[in-house]
Every structure is written in structure tokens, then in C-alpha cells.
Protein chains: 4
Amino acid sequence: MKSLVYHGPGKKALDDRPVPEITVPTDAVLRVTKTTICGTDLHILKGDVPTCDPGRILGHEGVGVVEKAGSGVTAFRPGDHVLISCISACGKCEYCRKGMYSHCTTGGWILGNRIDGTQAEYVRIPYADTSLYKIPAGADEEALVMLSDILPTGFECGVLNGKVQPGNMVAIVGAGPIGLAALLTAQFYSPAGIIMIDLDENRLQVSQRLGATATVNSGDGKAVDAVMRLTGGYGVDTAIEAVGIPATFNLCEGIVAPGGTIANVGVHGTKVDLHLERLWSHNITITTRLVDTVTTPLLLKTVQSGKIDPRRLITHHFTLDRILDAYDTFGRAASTQALKVIIEGAARI
Amino acid sequence: MKSLVYHGPGKKALDDRPVPEITVPTDAVLRVTKTTICGTDLHILKGDVPTCDPGRILGHEGVGVVEKAGSGVTAFRPGDHVLISCISACGKCEYCRKGMYSHCTTGGWILGNRIDGTQAEYVRIPYADTSLYKIPAGADEEALVMLSDILPTGFECGVLNGKVQPGNMVAIVGAGPIGLAALLTAQFYSPAGIIMIDLDENRLQVSQRLGATATVNSGDGKAVDAVMRLTGGYGVDTAIEAVGIPATFNLCEGIVAPGGTIANVGVHGTKVDLHLERLWSHNITITTRLVDTVTTPLLLKTVQSGKIDPRRLITHHFTLDRILDAYDTFGRAASTQALKVIIEGAARI
Amino acid sequence: MKSLVYHGPGKKALDDRPVPEITVPTDAVLRVTKTTICGTDLHILKGDVPTCDPGRILGHEGVGVVEKAGSGVTAFRPGDHVLISCISACGKCEYCRKGMYSHCTTGGWILGNRIDGTQAEYVRIPYADTSLYKIPAGADEEALVMLSDILPTGFECGVLNGKVQPGNMVAIVGAGPIGLAALLTAQFYSPAGIIMIDLDENRLQVSQRLGATATVNSGDGKAVDAVMRLTGGYGVDTAIEAVGIPATFNLCEGIVAPGGTIANVGVHGTKVDLHLERLWSHNITITTRLVDTVTTPLLLKTVQSGKIDPRRLITHHFTLDRILDAYDTFGRAASTQALKVIIEGAARI
Amino acid sequence: MKSLVYHGPGKKALDDRPVPEITVPTDAVLRVTKTTICGTDLHILKGDVPTCDPGRILGHEGVGVVEKAGSGVTAFRPGDHVLISCISACGKCEYCRKGMYSHCTTGGWILGNRIDGTQAEYVRIPYADTSLYKIPAGADEEALVMLSDILPTGFECGVLNGKVQPGNMVAIVGAGPIGLAALLTAQFYSPAGIIMIDLDENRLQVSQRLGATATVNSGDGKAVDAVMRLTGGYGVDTAIEAVGIPATFNLCEGIVAPGGTIANVGVHGTKVDLHLERLWSHNITITTRLVDTVTTPLLLKTVQSGKIDPRRLITHHFTLDRILDAYDTFGRAASTQALKVIIEGAARI
């Protein structure tokens, strides 16, 4: 089958690989109908993710159809239309029992990382019963691809951890796909204002269409002042960090109001400065989180009831045999204005 | 000054009464610019509220302008444009310190009940610093009259106590002004659906305009079945009781899903049956609450930021000298289709 | 194998029955080393539990040793020493994913009810991976028998739902085994006082030994007055109902302070009066719950660290072949002063 | 009156100063019966607290008797025996209304900092109604001196923010008075274990007497390893930082388990490194807080009901005229083994 394979730092190819098989009774094998590319896939390709060995099929997002289900799978049958979670959860370990699937002792983020992923015609999904979600009849497949990772990440790590509440002021630093997912899902809670901060004017314009009440281009180094002006000098109740570098985290430290929360979503490669000499007395909370995807059922309901339209994050479409072009487009987002790109599976075999 | 005075069961009059004075340093005297009539005022007129003695000026809602401020008032000055809370809070007692202003040991709901109220040209407000809220420049006065009582009641007693959450199913039993206030504020949390239940077709139509996703006329005695059909047999996560009689509370018991909440808002005059022989094992929560108005600052922000438009609850306007007509219109709501009626204060003296 | 079998209302016998087998891959079969009798078993014997058919082996509590594990069981192996949860949880359904195992769509309370239970030499446990807990080396088996049902029931339905907090006042109505389990686990949160209320003087004396700060014999019909005196006229922050009849629920309604919680634990056979004509404005919360046993890992840690000694609830010991005597002793608790009776399994076969 | 006065970095004296007067109607003047010295007072004396001007009477803890009450004070009368909160709260501003008294816009930590404090015969207390607490008859004055600052600080900033729960593992870095206050109040929640970490063997021994289940001397630089061994490799659910330097904060980062919380209590003078390159995916929470003293009523109840004995933190006693000796003893804690020192007021004038 056609598969996008990581061949070590800087190298990838569309290879032919055997269709995966059931290996343990709790596995399912799916035909992938739609997948997408994540910023994390670009990190892997840079060589930044040591857990991902060369030879790995990438991809941890997508929807598909169950082709085979192991004997231990009780919730799904061949032919079922399903959403793939980026997190594999055994459902049994201490972490899974607490709803912290991201730290499942034998699962977590393994798809397209420690095991082969979804950017292929077929994929094997471990712990199928607790890692797949049935797609309701009539649901929009493309919208649901956004529910594999990006929506729960923005929502759980940013919005829920950030305790967004009606009437509050929110700032989101980073208007990439994850920041925009936080922007969309923050609106579930009717904050008084959502300020989007980024360097890219196009993304700031997109933010306004998606519900931002104000935008700040941080290119001039005066974003803290701008946010203070927009909040009457108080700062924001919730600052969501959706970039992953010291400068953006520091910006969050500068704009969070006393009693507020910094919800970190960004994947950081280096330590940051925490200014406790100022913040020790500010009654703030800082949270970190790898998405648990515990809110997938909730998000499915919000999509089904029309409270959110995740398709607004999709800018491009490709077929699987053109996935290298998709990577190129996604990788040059500043010039292509790409947010999320949909990769359509091969026609039914 | 002109004042709407309760003269015992069934009797009221527009009397002339002296303008109130500051009695203790924490008082303020306001000129009332707008007030309204509450269902509770009708209860008083029926003789159902023993704490309210004949001779009392009614009314516990409104906005106004500070005319005089006692020497202990530090947050307001004459000329300040303010919102009156229906709850007077000393800010010092154990209950106030917990945010349970409704049970303030020397305050609570006293306006238009134990002391003279707002349906007059002027009103004395005890504990002014902690019972009034500054009205932002440019705010709509009529919208804010809804924040004295009806919005915080629907929000605190119904929506917050009912733990309305994104993706959840909500039912509101009773589409009167309070039920509709719950309907408006429930949408702060993006539930998947809100089912309004009432006997009055006009109010159900209003509900649809205000955001209900389904309506059920309970006149046929089959409302439980209807709600079960609308929820795929599960029942609702949140049932808000906004009427105050045994039949409507029982309806809530019949439609609440396992794990769900019944949030009582209605003022009950008699006990109800609690079917613990069925519900003991259903993991449900039942809450009661007299509004605390702790969310008034939050609600002000949602109005100012356009997340909610409380004017949609206003159907009629009267001047203070026509308040008897206003009572008549409000009292015959089924035929007049009245929801909230605005009473405009006399022109500036 | 020897088994205590229900033969219809009023009838039970110690019968010989075949040793159970693995029926689906997620099952385990255990040799029961210790079990006990629950008040619910007496309800079944009265014919009050329609889901339990004649011919059923009773019992839903106990510890044992894994004899056989189905091919889908990954967390346990033959020889493992395990605690049996009274609730069987599939770990996959929507309720289990929310931690509401009591409402597992294919499990819940089925042991000794819809399927054969633990009052036998062997028992089949469905969903073994998510319904058994490994017993730490050196742990006291008898203490852990209390963790199958009684401790999590008192803790989850009473203490957690009742929001017991440091400095608060708690009343527990009913000093039977469940009420005493609530008494023990309430002390995890250091309330200022715990008032135990019962008709049985012996149980009230036991309560004092187990940590009650005051006791009230409700035989004189003046328990409300007594509790009000003990709480300076305020009432209690938490009232735990651990009996299951209208009189005791009404008592809770009479003693709960404004802002307080009534946590129902009792199994009710009939409706109760809810005095909303008084309580609608008291800002109270009422909860119901069938135990979910989600706190079993937490409780295991508190037993292991010596924060609680559940053996204090055990009054009698019997071997399995004398289980009919055990039922007799437990059934006449008023005269035998029985609380929990331990049934020791047959010697190793 | 005798007063301990700060005269600039390194300088203090026991001066004679006029007895304070009521300046605004919400003030009270107290005769101080007992006070104490805080580590913060030593910081002031080093010149580290720029808000505290030379000439200031130090001290923000104590108990006393109301001598005069302003005309706006309604909760206290001359002769009342009261506990002084280290935080002055107006009770009216947005922060006070949220229970964040530490950020009261006209109060907060001002006593012995921006206004004269309690290390004198008399002290003026602003916002008396909301900054003093009545001492119950028969209460131990010395115990209650610990409730001015140290107990609420350890409890609110450490234990509550750290979400200490039954069965959890807690580490407290720093066994000074504040760390020990956290140790005492953490036991309200029955954690499975509390590991105290310090360099001072005497303080570690005190910790064991006060309830620590393990102690680690971090002098060898291997504290992380030691904690990991004590927690089976998991780390702790709650790490409380009670020192205020980068090394101790980093230690907390090293020992917090996935899903755990670092509750900062220490007053930091410099930034720290936050290792987001490791922690971004660990689902942790970090909190900071200046004590709000919102839990003072709760703590009073726990002292009155004997759940905690704060006198165990007191090591020395002095009279006010020997306060310079008291400072000397407290300042050389390593050799004097001082924890909290009680300063007794002058005999009644």
C-alpha cells in the first residue's frame, strides 16, 4: 500500500508497504479515508523526535472504515465508519482510569511515532475499543479529521486547562492550526474577548474571521503593551501559549492578570525563564498537557449540533498519491497560507 | 414621590410617599430611572409572602442615579449611574464572605419585601458599596434592568447550579421570564441542545427565537416521552425547573439522565414527591438556590461584550404613573404575551 | 463447590454447584479466600430485588486468588492475589469512560445479582482487568474485604458527594456498616465534628469509638433539635443519609444548613417528601449515587499507609460451611451487635 | 508606646512612638496581646522589600483586644478579643469580592509594610470588619497567633493550591515555619505520605514529630533520587516549594509526577528555569499565591475542634521589651533551633 515513510532527518518518501495485520486481539485495521499533516510531523522530519525511528509511516490523525477487528474488539465491526484518536488508550492502566490517556503506560502518542501511522492506505490501531469513535450517520468526514488531534489539543490543553469562562478575557499566542483550534473552542464558553497574537498578518486575518475580538501583531516587540491597553491595564484571565518557544511563553507571563492562568499548548525544545521574582505573589496558575483526547465524545456532540465548524481550519486538499505536494504546501505555510490540509485516501480497493 | 404600595392581599395603589433618606452611613438614596415588575411581586399581592407587610413600596429591580451617598459609602458618589441588585449584601457576614449573599444575615432579599423597594421615584439602598454596580458608559439601561434579578437568577440557580456544559442536553421547564433568562444564559456554555417545555404556545415560539433547539408543549401529559425521544432515550444532563409546582418538578425527575442534575429555580409553595425509590441509584444531583447575584460583574461583561442581549425579554413599556396598567398587562401575560415590562422613572426633578 | 444460593423470597441454602468457567476472554475465575454479607443480600432474600432470580449464588464482596484468566485478560495472571469490586466495569462504554462504572451498560452491580456471586468457593469475574485490583504484598486480607463495597460506598456516595471539608460539621443518619464506613472515611477530610444518629445505643457507642464527636439517639423524635443545639442553631454542612426510609431522609432535610448538602446513600423502596416550600431558597444540594468504585485505588493507598483501619468494622468470623450461621448472626444485628462478618473460604483445594 | 521600628537596611530599634488613632471610620485600634516575627520581617531588615520605608513599625501577625472602633465598624466593639489577619481586605473591590484579598486594591499586605504593624503595644487595623476575626471564648491565644499568616499561607498557597488529597504523595521542600505549617495542614487531607526535604537535620527531626512520613536531607544533591525511590519511581502528586530560590524550585520540577502540581509558597528574588522541554507533556500544574487569608474561619474551626495544634510551631517566648533578643534568636535559627517566637504584649495599661 502507498505510505508516507520517514527515512531519517530531512528524508521522506511515498513508499509501497504491506497492508498491516491484526497483531493482538484488541487491534483493528482500518482503511484510511482521510488523513492530514500535523506540525509534529514536520518536527519528526527535522529529526527532533527521537522516539520516531526511520522507516516509520507517519500520521496520527484521520478517519476511516474498519476493515478487520481483532477477536477482543467488541465496540466495532468491519464496515464501521470511525474517527481515529491521535492517542491510543488501553483503558485499563492507572493513567487511563484517571482519564489521562496521554500517559497510558502502553499507549499514549504512539501512532506515527513508535508504530506506523495513518498517512497510508491502511493503518493498524491498537486498543481499538478505546481509541476509535463511531462516526454518526451523516457526519462530515473532513470536519471530523480535525477531531483526531487539533481540536482536542486546543480545547483540553488550552481552553479547559486555561479555565476560559463567560465574561473573561483570553489571549492566544500563536495563530497556527492549534492556536486557531483553541480560538474556535474557547468560544464554547463565551469569553468577553479573545485576543489573537501572531507575526503573520494572514493568520491574524483568519483569526478575525474565526471569532477573535482583537488581533495583535507581535512583530514590533510591544505585544505586552498592546494587550494591556486592550484589557484596561488588567491583563488577561487566560493566556494560551500555542507556539512553543521562550519568547512566546515570556509574553504570556507578561500579560496574565493576577489570578489568571497560562495554559501551555506549545511543544518546547528548550527551557524557559519563569519570572517568579514577580509572579510568586500574583496567584497565577501555569498548566502543561499532552492532549488526552478525553473530550472527543463532547467535541463530536458540538460538531453534530452545529456549535462549531472545524472545516473552517481546512485550506487545501490532496489525494494520498500527492501527499509529498501536501507536505510541501503545509511546510511553506507562510507563503501558501495553509492551515490544515486534507489527504484523501485512495479510492476503495 | 409616586410609589406603588402594597396594601394587603389583592390591594395596591399608586400613592404619594416621602422621598427616602439616608439612615445609616452605608446607605445610598437613588433616583430610579427604570424598574420592572417581577413574578414575585404578584406573589406578594396574592398575600403569599408573609415577610412583606402592608404599606410596603414594592420592587427589587432597576437602575438609577445616586442622589445621596452615606458617609460610609466609598465606591459611589452622587451622579453615579448604577445597577441595583435585588439582593442586599453587607459584605461582612459569614455568608457574604462565602459569596452566599442571598443569606446575608442582615440583608438578602429585603428590597420591596422587608424594606421599601424600587417601584417609586426614589429608593434607599442599604449596603450600597456591595449592592450596587457601576453602569459602564454607553450601556443600555433597559438591558441592565434585566440584571437586577432575572438574569442572575436564571444563570446562577439554573445554568451554573445545573452545570450546563458544551455538548450536553438541557431541558428548561417553564418558559416564563426566568426560564427564558436561563435559556439565554445557558447558551454561554454551548450545550448541544436546549429543550423548552411549557403549556403556552406563544412562549414556546419566543423560546425558539431565543435559541431553544426544540420545544415541547406539556399540555398532553406526555412531555417525558417527548424529551426521551429528543434525547435518544437517555434523558437530559440538566433539567432546570422554572415554575415551582409539584407537576413540573416531577417532570424534571422523569427526564434527568443518570449522572444528571435537576436545578430548581421555581419558588415552591408546597412539598414535592422525590422518587428516591427510582433515583437513589441514578447518580443525580438536585440543587436549590435563592439568587446570590455574585455573577452580576460577569453578566455585565457578557452584556457589554455583546454575548447576550437581555432586551429580548422586554415586551412592554410604561411610565411610572401608569404602573397600575403595567401590573395589569404583566398579570395577564397569557393574553398580553407580556414577558418583562419596563417602568420608566419620572422625568428628572 | 459449596455455594450460598438464593431460592426465592425467604429461602436460601448452602448447595453444591459446579466450579465456574471462563466464558469470554475478559473473564477471570477466582478462588474466593474471604467474603462477607451485605445488607443488600438480606434485601434479596426478602424478595425486594427483582433483578436477582432464584438459583443465584449471592455475594458481591471479597478477596481471592486468580485461578484462571481469559485470553483477553492482561493485568492479572493465575496466582495473583486480588480484591473484587462489587461493580463490574467494561471500561469502554460511555459511562465507564466518565468514571460512572455503576452504570456500565453491560456491567454495574451484577455480581450476586444478575450473575453468580462471591459466597462460594469460586467465582467468575467479568471484565477482570477493570473489575479487580491487585493486593499489595503484606496487605491484610480482611481489611480489604471492606473495600469491595462498603468503604467505597460510604466514601463516594456519602463523603465525596457530601463534600466533607476541614472545619465543617457532618451528620450521618444511620450507624450501620455503611454509615460507619462513611464515618471512617469522612475523617480523611478533618471535619470539625461528626454527629452520628441512630436508634441503636450499641451502634452509637461503636460510633464514638470510631471517631464520632457526638451521638444522637433519634428514638425520642427530637433529633432535629439535638443537632441544632450541637451546631449552634446552624445545622450541618453535610447530612449523610445511610438508612433508606422517608423518616431518615426527612431528618436530613431538617438539619442541613443553608448552603449544605444531603448525600443520600440509603437504598429507598418508596418515595420521600422533599420540602421545597422551605428548601427552595436554602441553596442546598441533594445527591444520589450507586457506588462507582472509582476510588478503590485511592482507598487501597489509605489502607496501606495506615490512614484508616477498616478491620474495625468486623465483628464476627465464620467459615464458608457455616455461612448460614453467619447470615443468622448478621440478620439479627440488633441482638448480636454484628457489623461486618467475615466468611473464610474453604482451605485450598 | 514601645515599638519595633525599621530604620533602613540592617537597622532596627525598640523606639517610643505615639499610640495610633482611628483615621477613617472603618479602622479599629487594638492593644496587641501577642505577636510574632516572620521571615518576611528579616527580608525587610535586609532591605529587600522596597515598599517598606524606614520609620515603619514592623509586624503583621498577632492577637489583641479592641481598644477603639471607628464609627463604621459594626462587627467589633471595644473589649473584643480578636485575631489580626496579615492581609487587610476592604471587602468591596473586585478582588475582595472574588476572595482574592491579597490583591485588595486598597489593602492586601500593608501591615508592617506600607503602614505601621503589630510589633508594638498598639496597632491600627484598617477595614477592621473584614480584617479581624473574633476569638472564641476559651481559645488559646498563642495557637491563634499562628493563624495570622503562617497557617493560612501554608494551607492556601501550599496545601489547597497543591490539591493534597487522601492517598496522595506530597513533598514539601523547606522545613522552616512555613513548610511546617504546610506539613500540619496537609494532614487535614490524609495523604498517604508527606516527604519533608531540608538541609537542617534539626528541622527534619521536628518534621517527623509533626507528621512527616519520610525526610530527605538534600545536602548531598541527590534529593530527586531519594524522592523517586520513596515513591516507587513515580514522583509526588504535590510538590510544595517553601524556600524561594531556584535550586528548590528546580527540585520540585524534578520530583513532580505526571498529572501532579507544584505549589509555590516561597518568596523569590530571582527568576527560575522552567524546564518546559521536559514538562510540556507532563500534564502538570504550577501555582503561585500570596496568601488571601480566606480560610481563616475554616482554620479557626480546625483549631477549636482540636484537628490541629499550631502551638507545636512555637519554640521561644519573649516580652515586647525583649523583642530585640527575639529577633536575634529568630535570626540565628540554625543554631537556636527557633521556629516561631511569641512576643507577649506589655501588661495591661
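The values are calculated or read from the model by the stated rules, or taken from the named source; none is laboratory data. Because the structure is predicted, anything quoted here is derived from the model rather than measured. Glycine also receives a Cβ, built like all others from the backbone with ideal geometry; neighbour counts cover every protein chain displayed. What goes into the accessible areas is simple: the full protein's heavy atoms, side chains included, and nothing from ligands, DNA or RNA. Shrake-Rupley method; radii C 1.70, N 1.55, O 1.52, S 1.80 Å.
Between residue A:71 and residue D:134, how many nm apart are label points set 7 Å from Cα along the C-beta direction?
Inter-label distance under the simple model: 7.4 nm.
Could you run the Karplus curve 6.51 cos²θ - 1.76 cosθ + 1.60 with θ = phi - 60° over the range A:135-143 and give me ³J(HN,Hα) per residue in whole Hz, x for Gly and Pro?
Residue by residue, the range A:135-143 yields 8, x, 4, x, 6, 8, 4, 5, 4 Hz.
Need the C-alpha centroid separation for the range D:183-226 versus the range C:124-154, integer Å.
Taking the Cα centre of the range C:124-154 as reference, the centre of the range D:183-226 is 31 Å away.
Each residue of the range A:170-177 in turn: what ³J(HN,Hα) in whole Hz from Karplus with 6.51, -1.76, 1.60 and θ = phi - 60°, glycine and Pro shown as x?
Ordered by residue, 3J(HN,Hα) equals 10, 10, 10, 9, x, 10, x, x Hz.
Between residue C:335 and residue D:334, how many nm apart are label points set 7 Å from Cα along the C-beta direction?
Label at residue C:335, label at residue D:334, 7.3 nm between them.
Count, for each residue of A:284-293, the Cβ atoms from other chains sitting within 10 Å of its Cβ, then give me the mean as a whole number. Spell out each step's value before the answer.
Working: counts 5, 7, 10, 6, 12, 7, 5, 2, 2, 0.
Whole-number average of other-chain Cβ neighbours for A:284-293 is 6.
Shape verdict for the protein assembly as shown, please, from the Cα gyration tensor: rounded (a/c under 1.5), prolate (a/b greater than b/c) or oblate.
In terms of gyration-tensor shape, rounded.
Mind listing the long-range amide H neighbours of residue A:215? Cut-off is under 5 Å, sequence gap 5 or more, other chains count too, H placed in the peptide plane at 1.01 Å from N.
Those qualifying (amide H under 5 Å, at least 5 residues apart or on another chain) are A:196.
To check you understand DSSP bridge types, tell me what percent of the beta bridges within chain A (both residues inside) are antiparallel, rounded to 5. Kindly include the intermediate steps, with their values, before the conclusion.
On the way: 28 of 55 bridges.
Just about 50 percent of them are antiparallel.
Per residue of B:164-173, count partner chain C-beta atoms within 10 Å of its C-beta, then hand back the mean as an integer. Write out the running numbers ahead of the final one.
Working: counts 0, 4, 15, 13, 4, 2, 0, 0, 0, 0.
Mean partner-chain Cβ count within 10 Å for B:164-173: 4.
Between the label point of residue B:78 and that of the same position in each other copy, find the distances and list them shortest first in nm, with every label point placed 7 Å from Cα along the Cα-to-C-beta direction.
Listed shortest first, these distances are 3.4, 8.8, 9.5 nm.
Looking at the protein assembly as shown, what % of its DSSP beta bridges pair antiparallel, to the nearest 5? Walk me through the intermediate numbers first.
On the way: 124 of 232 bridges.
The antiparallel fraction comes to roughly 55 percent.
Apply the Karplus parameterisation 6.51 cos²θ - 1.76 cosθ + 1.60, with θ equal to phi minus 60°, to every residue of the range C:206-217 and state each ³J(HN,Hα) to the nearest whole Hz, in sequence, with x for glycine and proline.
Listing the rounded values in order: 4, 4, 5, 5, 8, x, 4, 8, 7, 10, 9, 8 Hz.
If you count, for each residue, the other Cβ atoms within 10 Å and average over each peptide, how do D:16-23, B:154-161, C:26-33, D:323-330 line up from highest to lowest?
Values: D:16-23: 14.0, B:154-161: 27.2, C:26-33: 23.2, D:323-330: 19.1.
Ranking the peptides D:16-23, B:154-161, C:26-33, D:323-330 by packing returns B:154-161, C:26-33, D:323-330, D:16-23.
If ligands, DNA and RNA are left out, what is the accessible area of residue B:295 with a 1.4 Å probe, given in Å² to the nearest 10?
Accessible area of residue B:295: about 10 Å².
Considering chain D as a Gaussian network with a 10 Å cut-off on Cα pairs, which listed residue, D:310, D:177, D:191, attains the greatest mean-square fluctuation?
Answer for the Gaussian network model of chain D: D:191.
How large is the accessible surface of residue A:311 in square angstrom, using a 1.4 angstrom probe and rounding to the nearest 10?
110 Å²
Using alpha-carbon positions, what is the distance between the centroids of the range C:273-334 and the range D:229-257, in Å?
Cα centres, the range C:273-334 to the range D:229-257: 36 Å.
Given a 10 angstrom Cα cut-off, can you work out which residue in B:107, B:99, B:162 is the most mobile in a GNM of chain B?
In this elastic network of chain B, the residue with the biggest mean-square fluctuation among B:107, B:99, B:162 is B:99.
How much length is gained if the chain between residue C:11 and residue C:205 is pulled fully straight, taking 0.36 nm per residue apart and subtracting their Cα-Cα distance, in nm to one decimal? Don't skip to the end; give the middle numbers.
Details: separation 194, 0.36 × 194 = 69.84 nm, distance 3.35 nm.
Working it through step by step, the gained length comes to 66.5 nm.
Taking Cα centroids, how far is the range A:68-85 from the range C:22-74 in Å?
Taking the Cα centre of the range C:22-74 as reference, the centre of the range A:68-85 is 30 Å away.
How many nanometers, to one decimal and shortest first, lie between the label point of residue A:246 and those of its other copies, if labels sit 7 Å from Cα toward Cβ?
Distances to the matching label points in the other copies: 1.1, 7.2, 7.2 nm.
Counting DSSP beta bridges with both partners in the range A:197-294, what percentage is antiparallel, nearest 5?
0 percent
Pull up the cross-link candidates among the aspartates and glutamates for residue A:340, meaning alpha carbon to alpha carbon under 12 Å and not fewer than 8 places away within one chain.
Qualifying aspartates and glutamates at Cα under 12 Å: A:61, A:142, A:149.
What are the residues whose amide H is under 5 Å from the amide H of residue D:239, where those residues sit 5 or more places off or on another chain and H is modelled from the backbone?
For residue D:239, the qualifying residues are D:171, D:261, D:262, D:263.
Check residue B:117: other-chain or 5+ apart residues with amide H under 5 Å from its amide H, H built from backbone geometry?
B:57, B:58, B:112
Report the accessible area of residue A:169, computed with a 1.4 Å probe over the heavy atoms of all protein chains in place, in Å² rounded to the nearest 10.
Roll a 1.4 Å probe over it and residue A:169 shows about 40 Å².
Among the listed pairs A:46/A:307; B:92/D:68; A:163/B:307; A:163/B:98; B:163/C:222, which have their C-alpha atoms separated by more than 27 angstrom in this model? Walk me through the intermediate numbers first.
On the way: A:46/A:307 37 Å; B:92/D:68 19 Å; A:163/B:307 18 Å; A:163/B:98 21 Å; B:163/C:222 36 Å.
In this structure, A:46/A:307; B:163/C:222 lie more than 27 Å apart at Cα.
To the nearest 0.05, how large is the calculated FRET efficiency for residue A:46 and residue D:48 if R₀ is 41 Å and r is the Cβ-Cβ distance? Please report the intermediate quantities before stating the final value.
Working: r = 45 Å, r/R0 = 1.09.
Using R0 = 41 Å, I get an efficiency of 0.35.
Got a sec? What order do A:2, B:163 fall in by accessible area at 1.4 Å, biggest, i.e. largest, first? Don't skip to the end; give the middle numbers.
On the way: A:2 75, B:163 100 Å².
Per-residue accessible area, sorted high to low, gives B:163, A:2.
Among the lysines, select those whose C-alpha is under 16 Å from the C-alpha of residue B:2, and discard any that sit fewer than 8 residues away in the same chain.
Within the straight-line cut-off, residue B:2 pairs with B:12, B:34.
How many partner chain Cβ atoms sit within 10 Å of a residue's Cβ in peptide D:91-100, on average, as a whole number? Let's see the in-between values first.
Details: counts 8, 7, 3, 3, 3, 3, 9, 5, 4, 3.
Counting Cβ atoms of other protein chains within 10 Å of each residue's Cβ and averaging gives 5.
Add +1 for every Lys or Arg and -1 for every Asp or Glu among the other residues with Cβ under 12 Å from the Cβ of residue A:257, and state the total.
On the way: positive: D:98; negative: A:237, A:253, D:94.
So the surrounding residues net to -2.
Taking a point 7 Å out from Cα toward Cβ as the label site, list the nm distances between residue D:42 and the same residue in every other copy, smallest first.
With the label placed 7 Å along Cα→Cβ, residue D:42 yields 5.1, 6.1, 6.9 nm.
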